[in-house]
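Colleague: Sharing a structure, written as structure tokens. Questions coming.
The values are calculated or read from the model by the stated rules, or taken from the named source; none is laboratory data. Being a predicted model, the structure only gives us computed values, none of them experimental. FYI the Cβ positions are ideal-geometry reconstructions off the backbone, even for glycines, and counts take in every protein chain you see. Heavy atoms of the whole protein, side chains included, go into the accessibility calculation; ligands, DNA and RNA do not. Shrake-Rupley method; radii C 1.70, N 1.55, O 1.52, S 1.80 Å.
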Amino acid sequence: MSTKTFDIAVLPGDGVGPEVVAEGVKVLRAIEHRLHGVEFALDWHSVGAGEFLLSGDPLPASAFAACGRADAVLLGAMGLPDVRWPSGVEMAPQLDLRERLDLFCGLRPVRLYHPNDTPLREAVAGAIDIMLVRENTEGLFSSRQERHAPDATLVDDRLRVTRAGSERLFHAAFREAAQRRRLVTLVDKANVLPSMAFFRRVFDEVAAQYPDVRTERVYVDAVTLYLVRRPHTFDVLVTENMFGDILSDLLAGLVGGMGMAPSADIGANAAVFQPSHGSAPDIAGRGLANPLATILSVAMMVRWLGHPETVRAANMIDAAVEAVMSDPTRRTADMGGRLRCDEMGDLVCAKLELVSDKALPVVARAS
Ligand code: ATP
């Protein structure tokens, strides 16, 4: 049988990025030997604020080209608080990557594995299982590249919504929901912002094409209340860029924090997988980071690759994480435990050896 090689560009980046990516790669290598006819070729690149300090470019052309060529990109985190553009904004090459590769669809799933991990009372394992679909290339981030004179007396940011950008996002959300519990909640501010009223109109048109999926429309302020009060009632949330940025942190907070929140940024021709968290400079270099968000991002990546063997790999990684999390004494410091970053990676690998892939469901490609 011939072997299929998947090329993965690996960008560890700044802060805790290299630490958590090392664990993600450890898991990828551990699963590789259980697959038949599939291997992963890793192509490592330096990016981020650290790379900017070395070369003057946080996203060198060679790294960007590698991302375009690869079957998928595994990214750690980029940016450091003290390394800023003259305008004062932090360097964010991960946003450049999203925009330049047109990775319009941000998938940010959260799942509660154990009741001890949520600040909410009475939540049981599995009661929080939400997929946030975030628009990634327009919305309130769309004028982030504009520069203003230091003595400007007015600076405004545009919330850009296009029909094409919204339609493709909503189709992705409905496809997600069709594989889950068949409910899509649009999160907007249609009562105040004309751009959001337009967003809702396009949503209604797309929703009509998916009669088997239930829909609801909730204002962004209200959804923060509902997510805290009754998170179990949500399945897929779809929203614009900035609202998605904020809500993804709230969702992470419901299931144990940033260390538990994976993500995928998907476009028509490329996809980047990374933990939802940033470079966490406050804990970097001390072995304190929780690698599970990155490990779960690796699972999303291999699922997205869409080969039957990589989908099997995704199911096994998810099952191994679930097995680790079923024991509440096994946690990293951010979740009140004593495990170090590499110990958590080792634990997931040990569980991988134990999970059987026979009974696992085969889940279709995410989008
Ligand atoms: P960004 O703006 O890039 O999203 P940020 O500065 O808002 O980044 P993070 O870097 O995500 O925020 O960090 C927020 C908090 O979460 C910090 O206290 C950080 O230590 C913690 N944190 C983030 N990631 C992890 C992780 N993998 N493990 C443990 N704690 C983490």
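Colleague: Might you tell me the accessible area per residue for the stretch 71-179, computed with a 1.4 Å probe and given in Å²?
Modeller: Details: 5050 Å² over 109 residues.
Here the residues of the stretch 71-179 average 46 Å² of exposed surface.
Colleague: Whole-Hz Karplus ³J(HN,Hα) for the stretch 8-24, in order, using 6.51 cos²θ - 1.76 cosθ + 1.60 and θ = phi - 60°, x for Gly and Pro?
Modeller: Each residue of the stretch 8-24 in turn: 10, 7, 10, 10, x, x, 10, x, 6, x, x, 5, 6, 5, 4, 6, x Hz.
Colleague: What relative contact order, as a whole-number percentage, does the chain give when Cα pairs under 8 Å and 6 or more residues apart are counted?
Modeller: Values: 775 pairs, mean separation 77.4, N = 367.
Computed over the chain, the figure is 21 percent.
Colleague: Search the structure for amide H atoms under 5 Å from the amide H of residue 337, placed 1.01 Å from N in the peptide plane, and list their residues when 5 or more places away or on another chain.
Modeller: Under 5 Å from the amide H of residue 337: 332.
Colleague: Additional query: How much mean residue ellipticity at 222 nm does the chain get from its helices, if each DSSP H run of length 4 or more adds -39500 (n - 2.57) and you divide by all residues, to the nearest 500 deg cm²/dmol? Walk me through the numbers before you get to the answer.
Modeller: Values: 11 runs with 140 residues, N = 367.
Dividing the helical sum by the residues of the chain leaves -12000 deg cm²/dmol.
Colleague: Residue 210's amide H: which non-local residues (gap 5+, or another chain) put their own amide H closer than 5 Å, with H modeled 1.01 Å from N in plane and none for Pro or chain starts?
Modeller: none
Colleague: How many percent of DSSP beta bridges within the chain run antiparallel, rounded to 5? Provide the component values of the computation, followed by the final result.
Modeller: Working: 17 of 46 bridges.
Once the DSSP bridges in the chain are tallied, antiparallel ones form about 35 percent.
Colleague: While we're looking at this one, here's another question. Let me know the number of lysine pairs in the chain closer than 24 Å at the Cα, not counting same-chain pairs under 8 apart. It would help to have the intermediate numbers written out before the result.
Modeller: Numbers: 4/26; 4/358; 26/351; 26/358.
Lysine pair count for the chain: 4.
Colleague: Further question on the same structure: With a 1.4 Å probe and all protein chains in place, put 216, 176 in order of accessible area, largest first.
Modeller: Values: 216 60, 176 10 Å².
If we order 216, 176 from most to least accessible, we get 216, 176.
Colleague: Sort 183-190, 297-304 by packing, meaning the average of other beta carbons within 10 Å per residue, with the highest value first.
Modeller: Descending packing order for the listed peptides: 297-304, 183-190.
Colleague: For residue 83, tell me the accessible area in Å² from a 1.4 Å probe, rounded to the nearest 10.
Modeller: 20
Colleague: Given R₀ = 22 Å, FRET efficiency for residue 36-residue 326 by Cβ-Cβ distance, to 0.05? Could the numbers behind the result be given before it?
Modeller: Working: r = 28 Å, r/R0 = 1.28.
For R0 = 22 Å, the calculated efficiency reads 0.20.
Colleague: Whole angstrom only: what separates the Cα centroid of the stretch 202-235 from the Cα centroid of the stretch 245-286?
Modeller: Cα centres, the stretch 202-235 to the stretch 245-286: 22 Å.
Colleague: May I pose another question? When the accessible area of the stretch 156-304 is computed with all protein chains present and a 1.4 Å probe, what percentage of it is carbon and sulfur?
Modeller: Details: 2990 of 5650 Å².
About 53 percent, which is the carbon plus sulfur part of the accessible surface.
Colleague: State, as an integer percentage, the relative contact order of the stretch 258-367 based on alpha-carbon contacts under 8 Å between residues 6 or more apart. Provide the component values of the computation, followed by the final result.
Modeller: Numbers: 172 pairs, mean separation 29.7, N = 110.
Relative contact order for the stretch 258-367 comes out at 27 percent.
Colleague: Compute the orientation-averaged projected area for the chain from the convex hull of its Cα atoms and round it to one decimal in nm².
Modeller: On the way: hull surface 75.3 nm².
Orientation-averaged projected area of the Cα hull: 18.8 nm².
Colleague: Same structure, new question: Between residue 237 and residues 5 or more places away or on another chain, which pairs have amide H atoms under 5 Å apart, with H built 1.01 Å from N, and which residues are they?
Modeller: Placed amide hydrogens put 131, 132, 133, 185 under 5 Å from residue 237.
Colleague: Got a sec to turn the phi values of the stretch 332-337 into Karplus ³J(HN,Hα) couplings, 6.51 cos²θ - 1.76 cosθ + 1.60 with θ = phi - 60°, whole Hz, x for Gly and Pro?
Modeller: 7, 4, 4, 10, x, x
Colleague: Let me ask something else. With point charges of +1 on the Cβ of Lys and Arg and -1 on the Cβ of Asp and Glu, referenced to the Cα centre of the stretch 19-134, which listed residue (72, 33, 107) lies farthest in the positive direction of the dipole?
Modeller: Result: 107.
Colleague: Averaging the inverse of every distinct alpha carbon separation and then flipping it gives the Kirkwood radius. What is it for the stretch 180-293, in angstrom units? Could you put the intermediate results ahead of the total?
Modeller: Details: mean 1/r = 0.0626 Å⁻¹.
Answer for the stretch 180-293: a Kirkwood hydrodynamic radius of 16.0 Å.
Colleague: While we're on this one: Per residue, how large is the accessible surface of the stretch 214-254? Use a 1.4 angstrom probe and give square angstrom.
Modeller: Working: 1730 Å² over 41 residues.
The answer is 42 Å² per residue.
Colleague: Name the residues of the stretch 111-155 whose amide N is less than 15 Å from a point 7 angstrom out from the Cα of residue 193 along the C-beta direction?
Modeller: The answer is 134-144.
Colleague: Under a point-charge model restricted to the Cβ atoms of Lys and Arg (+1) and Asp and Glu (-1), what is the dipole moment magnitude of the stretch 114-259 relative to its Cα centre, in debye to the nearest 20? Present the calculation step by step, with values, prior to reporting the outcome.
Modeller: Details: 19 positive and 21 negative charges, 69 e Å.
That gives the stretch 114-259 a dipole magnitude of about 340 debye.
Colleague: Apply the Karplus curve 6.51 cos²θ - 1.76 cosθ + 1.60, θ = phi - 60°, to the phi angles in the stretch 217-229 and return the couplings in whole Hz, x for Gly and Pro.
Modeller: Per residue, the Karplus-derived 3J(HN,Hα) values read 10, 9, 5, 4, 5, 5, 5, 5, 5, 5, 5, 7, 7 Hz.
Colleague: Would you mind telling me the share, in percent, of accessible area of the stretch 53-126 contributed by carbon and sulfur at probe 1.4 angstrom? Each step should come with its number before you reach the end.
Modeller: Details: 1800 of 3430 Å².
Carbon with sulfur: 53 percent of the solvent-accessible area.
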